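Below is one structure, written out as structure tokens; the observations come after it.
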Amino acid sequence: MTVPTAHLASVGTCLPGEPVDNATLAKLVGVDETWAEMFIGNTSRYFAVDLATGQVRHSLADIAATAADRALAQAGLDPRDIDCVVMGTATPDHLMPATVNLVADRLGIDNAPTYQLQSGCAGAVQALDVARTLLLAGRCATVLVIGGDVCAKHLERDFDPGTRTSAELVNYALFGDGAGAAVLSAEPLGPGIAIRQVLNRLVGLGREPGQIIDWFGLGDRHSDRPAVSEDYKAIEETVPLLAQQMFWELLGDLGWGAEEVDFLLPPQLSGRMSDRISAAMPAPGARRINVVRSVGNNGNALPFLQLAELLEQWESPGRAVAVAVESSKWIKSGIALERS
């Protein structure tokens, strides 16, 4: 009997506008250029908002639709071939309608189930998990999975450096905007990469959140509390541990050895932290796929940006493991891929 398998058929990505390097960021918001490079480790990022004017140039639906178009084109599919759409994001354009439905409308997808998951860095893997489950259950043959975030809309655009806290300045150097999409299929398409396992675990019982992104309405938009806040110490201490736990859990489920992993896609927090986490993870011969240094932390787009880079480099049979950790209420997630 043939065991059902989900396959990664294609990946598309979209980064809005031109890259904003540290020198430009320093002029706009008062971030010290050298400090941004040394402390955060990111050299550039992309914003859907014009930092100089505050003008919104791209919505999440804009860049998500572009990424989805590219994924469909790469797979050689038409929107009518898609049986379901699943999206993960922490920063939807509206509370309602769900951004996934705006994207589906732009693509011309109708009369198909859609799902939107509200989550941070693990949301992309959660969306892939839902898509894979639908495929393995035989409910769909082809699923479009989308992940993306527009973080800039949550950053205060008051450019007087004297009014900024160090935490707010960190956010400008750390975050960026972007979107990604993937086509998953029940039958092998494209490079013929099988998704062997997807795992998601909430592990934050009784723990304070490591990151909070607030949603301000008319009643509380003038609150003094910041829209974005992080406990960087907790993140630095906890994420490497959770990343290793998920790595070993994936390998244990599949019976793989660490030496059998050809590509490792580690959590993408910042250039500096991701490099450190990557170096400490036990996969001695694996090629590391790190992208956050040049694109910024754009949340749910990052796993797709890593997968796109993986497909560029992956030319022969092998295995890949991707791990994402969300610090909001502490979620560890991962995906294992195999190319035959």
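The values are calculated or read from the model by the stated rules, or taken from the named source; none is laboratory data. Quick caveat: nothing in here was measured; it's all calculated off a predicted structure. Please note: Cβ atoms are built from the backbone with ideal geometry, for glycine as well, and neighbour counts cover all protein chains shown.
Looking only at segment 51-69, decide whether some residue is in contact (Cβ under 8 Å) with a residue 40 or more places away in the chain, among the polar types (S, T, N, Q) and more than 27 Å from L242 (Cβ to Cβ). Within segment 51-69, one or more residues are in contact (Cβ under 8 Å) with a residue 40 or more places away in the chain, among the polar types (S, T, N, Q) and more than 27 Å from L242 (Cβ to Cβ).
With a requirement of 1 or more residues that are under 30 Å from G17 (Cα atoms), the strands (runs of 3 or more DSSP E) lying completely within segment 168-219 that satisfy it span 177-185, 211-213.
Name the residues in segment 1-50 that are of a type in the set (S, T, N, Q) and in a loop (DSSP other than H, G, I, E, B), would you? Walk me through it before giving the result.
In the first step, residues of segment 1-50 are kept if they are of a type in the set (S, T, N, Q); the result is 2, 5, 10, 13, 22, 24, 34, 42-44.
The answer is T2, T5, N42, T43.
Exactly one residue out of Q306, Q244 is in contact with a Leu (Cβ under 7 Å, 6 or more places away or on another chain) and either closer than 23 Å to L117 by Cβ or in a helix (DSSP H, G or I) (or both): that is Q306. Within segment 160-210, take every residue that is under 22 Å from S44 (Cα atoms) and of a type in the set (S, T, N, Q) and give me the one that is modelled with the lowest pLDDT. Result: T165. Per the conditions (1) within 22 Å of the chain's Cα centre (by Cα); (2) crowded, with 18+ Cβ neighbours inside 10 Å, the sole criterion not satisfied by D69 is (2).
Considered as a group, the residues in segment 2-33 that are free of Cβ contacts under 8 Å to residues at least 12 places away in the same chain and hydroxyl-bearing (S, T, Y) include one that is surrounded by the most Cβ atoms within 10 Å (Cβ to Cβ), and that residue is T24.
Within segment 266-288, take every residue that is closer than 21 Å to L311 by Cβ and assigned to a helix (DSSP H, G or I) and give me the one that is farthest from the chain's Cα centre (by Cα). Per the criteria, the residue is S278.
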